[in-house]
Amino acid sequence: MLVKQISVFLENKSGRLAEVTKILADSNIDISALSIADTTDFGILRLIVNDPETAEKALKDNGFTVSCCSVIAISVPDKPGGLAKALSVLESEAIGIEYMYAFVGKAENEALVILRLDNPEKAVDMLEGAGVKVLTSDTVCKL
């Protein structure tokens, strides 16, 4: 149930994001989710894509610094308290959240969230046990 996420180090200058997306497009890579965290000088672009291995190679071949890690994707009810339930499950087991971001999909009445956790395998078990819908990589890429 873990999803592979690609992180790309980007200098904070005009055209770098466009360059990344063109390389991915030329490699027939579909982006399902993304997030950018930036500072004055650089940013980290985080991506969920349909073919992470090909994306990683294409970006590295074009001079980008790329790393990969495992994240989980969850679907929570799109109503007050939907996310709170999932986060309280993680808190009850002292599973730390390094970062999270939401993404848009084709799910009705659900909010879709990517989480980078300090113990993703345990988190998957705990969330599923509490009735939180944990999404597979294939499901995320089809949304």
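The values are calculated or read from the model by the stated rules, or taken from the named source; none is laboratory data. Values in this document were obtained by computation on a predicted structure and should not be read as measured data. No Cβ is skipped: glycine too gets one built from the backbone with ideal geometry, and neighbour counts run over all protein chains shown.
Go through the residues of region 17-25 one by one and say whether even a single one is in contact with an Asp or Glu (Cβ under 9 Å, 6 or more places away or on another chain) and part of a loop (DSSP other than H, G, I, E, B).
No: region 17-25 contains no residue that is in contact with an Asp or Glu (Cβ under 9 Å, 6 or more places away or on another chain) and part of a loop (DSSP other than H, G, I, E, B).
What pairs come up if the first residue lies in region 96-125 and is within 19 Å of A33 (Cα to Cα), the second is among the acidic types (D, E), and their beta carbons are under 6 Å apart, counting only those six or more places apart or on different chains?
Hits for this filter: N109/D78; E110/D78; A111/D78; R116/E98.
Kindly establish whether L87 is at pLDDT 95 or above and aliphatic (A, V, I, L, M).
Here the answer is yes, as L87 does meet what is asked.
If you go through region 107-125 one residue at a time, how many are among the small types (G, A, S) and farther than 17 Å from K79 by Cα?
Residues meeting the conditions: 1.
Go through region 76-85 and give me each residue that's surrounded by 12 or more Cβ atoms within 10 Å (Cβ to Cβ) and either in a loop (DSSP other than H, G, I, E, B) or of a type in the set (S, T, N, Q) (or both).
Listed by number, the list holds a single entry, D78.
Looking at A73, is it in contact with a Phe, Trp or Tyr (Cβ under 6 Å, 6 or more places away or on another chain), buried (at least 17 other Cβ atoms within 10 Å of the Cβ) and under 16 Å from V3 (Cβ atoms)?
no
Spot the failing condition for S88; the list is (1) of a type outside the set (F, W, Y); (2) assigned to a helix (DSSP H, G or I); (3) not assigned by TED's automatic domain parsing to the domain that holds V134, and only one is missed.
Unmet for S88, out of (1) of a type outside the set (F, W, Y); (2) assigned to a helix (DSSP H, G or I); (3) not assigned by TED's automatic domain parsing to the domain that holds V134: (3).
Would you point out which residue out of A33, A55 is touching a residue at least 12 places away in the same chain (Cβ under 8 Å), within 13 Å of C141 (Cβ to Cβ) and assigned to a helix (DSSP H, G or I)?
A55
State whether one or more residues within region 122-141 are in a strand (DSSP E or B), surrounded by fewer than 18 Cβ atoms within 10 Å (Cβ to Cβ) and basic (K, R).
Yes, region 122-141 contains at least one residue that is in a strand (DSSP E or B), surrounded by fewer than 18 Cβ atoms within 10 Å (Cβ to Cβ) and basic (K, R).
Please go through region 107-121 and give me each residue that is in contact with a Lys or Arg (Cβ under 9 Å, 6 or more places away or on another chain), at pLDDT 90 or above and exposed (fewer than 13 other Cβ atoms within 10 Å of the Cβ), ordered by number.
Result: no residue meets the conditions.
Before we move on, is V104 among the β-branched types (V, I, T), surrounded by 13 or more Cβ atoms within 10 Å (Cβ to Cβ) and within 13 Å of I74 (Cα to Cα)?
Spelling it out, it is not the case that V104 is among the β-branched types (V, I, T), surrounded by 13 or more Cβ atoms within 10 Å (Cβ to Cβ) and within 13 Å of I74 (Cα to Cα).
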